[in-house]
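The values are calculated or read from the model by the stated rules, or taken from the named source; none is laboratory data. Bear in mind that the values here come from a model prediction, so they are computed numbers and not experimental data. Please note: Cβ atoms are built from the backbone with ideal geometry, for glycine as well, and neighbour counts cover all protein chains shown. The area values use the complete protein model at the heavy-atom level, side chains included, leaving out ligands, DNA and RNA. Shrake-Rupley method; radii C 1.70, N 1.55, O 1.52, S 1.80 Å.
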Amino acid sequence: MPVKHIQEYRDREIARRLIAQIHAASRKPIRLMEVCGTHTMSIFRSGLRSLLPETITLVSGPGCPVCVTAQREIDQFVALARREDVILTTFGDLLRVPGSGSSLQQERAAGCDVRVVYSPLDALAIGRAATRERAWSFSGVGFETTAPTVAAALLSARAQGVSNFLVFAAHKRTPPAVAALMAAPDLRVDGFLLPGHVCLVTGTRAFQPLVDRYRIPCVVGGFEPLDLLGALARLVAQIEAGAAVLENAYERAVTAGGNAKAQAVMEAVFATVDAEWRGLGVIPESGLKIAEAHRALDAEACFDLSVPDVPEPRGCACGQVLKGLKIPTDCALYQKTCTPMHPVGPCMVSSEGTCAAYYRYHGGEGA
């Protein structure tokens, strides 16, 4: 039985018309970047790359939250897990990301108390019922999509007087990263497919200054096949017409102002800081750390988590893949020493990682 509000975004006839529209409009080589890991997986899963004209190249950007988490932060999570006075809770995607010498999965196998949760509120519930002799820490990674729930959990902990629930915040802000890509001299991208989930929180206004400054076409897209084709059709039309504006092709979910409540809870808990992104380096005002008013619940402030600076694995091209400079098959380690079972870099680990998408849907073949 067709599922309402699902099948309508997978209509074959509408898809054929959109594909024909893209083919008719595309007359010159175009490179488009999706800035969302869910977009990357949806594009691969739907087989959209094979339906586009040869003139259009899709490249994946830094849209996987686990993948862009700096190696230093992964090592700090490992150091936190090794503490006998801490029980670490985390999302499942982070478990297998390799640090410089270990991973959370390896630490759990070695006896450390590392638990996978589906929400920071789950971690709070565990901590609320736990003994006060140990701290319960949640490893907060992700973009504007997950940061509000982490902030809400922390505020709930304060309101309930739960003093042993801590958060290590390593959240990233998307607009500064997109700005860094637009300003990069070595990246040639003609247009950006902006993340619908992020814009649901931030609103399209967060990206308007970037379009005004860099004059690059941008379209906010959803995640169903017709969402993606519609957004790509708008990008192609802009580029061919020589336009550079911000369009919203996900109007059923995204507004100009975004989610005011989610923005307010983030502002109440987090402070904007410079942050290191894997592959992109330090980007000004691109990170969210726990504000001074909530320092007592900041795991990074409560514990000594000093770790040495260690270079990323030799030969790993995750950094270049996240910047859109390489595709996974360009990496010498891909499908050789780096596989989903034995990942070298995070792009092969996460369910939103580009290398994982290539491995799963193309069997190592290029797109």
With each run of n ≥ 4 DSSP H residues scored as -39500 (n - 2.57), what mean residue ellipticity at 222 nm is computed for the chain after dividing by its residue count and rounding to the nearest 500 deg cm²/dmol? -11000 deg cm²/dmol
Leaving out ligands and nucleic acids, and using a 1.4 Å probe, what accessible area per residue does the chain come to in Å²? 44 Å²
Taking protein heavy atoms only, a 1.4 Å probe, and rounding to whole percent, the accessible area of region 242-304 owed to carbon and sulfur comes out at 50 percent
Cross-link candidates for Lys28: which aspartates and glutamates have Cα within less than 12 Å, leaving aside residues fewer than 8 places away along the same chain? Glu54, Asp190, Glu240
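Take the Cα atoms of region 204-322, build their convex hull, and give its volume per residue in Å³.
For region 204-322, the hull spanned by Cα atoms encloses 171 Å³ per residue.
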Environment charge at Gly221 (Cβ cut-off 10 Å; Lys +1, Arg +1, Asp -1, Glu -1): -3
Highest average packing first - 261-273, 197-209, Cβ atoms within 10 Å: 197-209, 261-273
Which whole-Hz ³J(HN,Hα) couplings does region 339-353 yield from phi under the Karplus relation 6.51 cos²θ - 1.76 cosθ + 1.60, θ = phi - 60°, glycine and proline marked x? 9, x, 6, 9, x, 8, x, x, 5, 8, 8, 5, 5, 10, x
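What does the charge add up to near Leu200, with Lys and Arg as +1, Asp and Glu as -1, over the other residues with Cβ less than 14 Å from its Cβ?
Its environment carries a net charge of 0.
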Using alpha carbon centers only, region 72-127 is separated from region 218-273 by a whole-angstrom value of 33 Å
How large is Rg over Rh for region 171-266, taking Rg from the Cα atoms and Rh as the Kirkwood inverse mean of 1/r across Cα pairs? 0.96
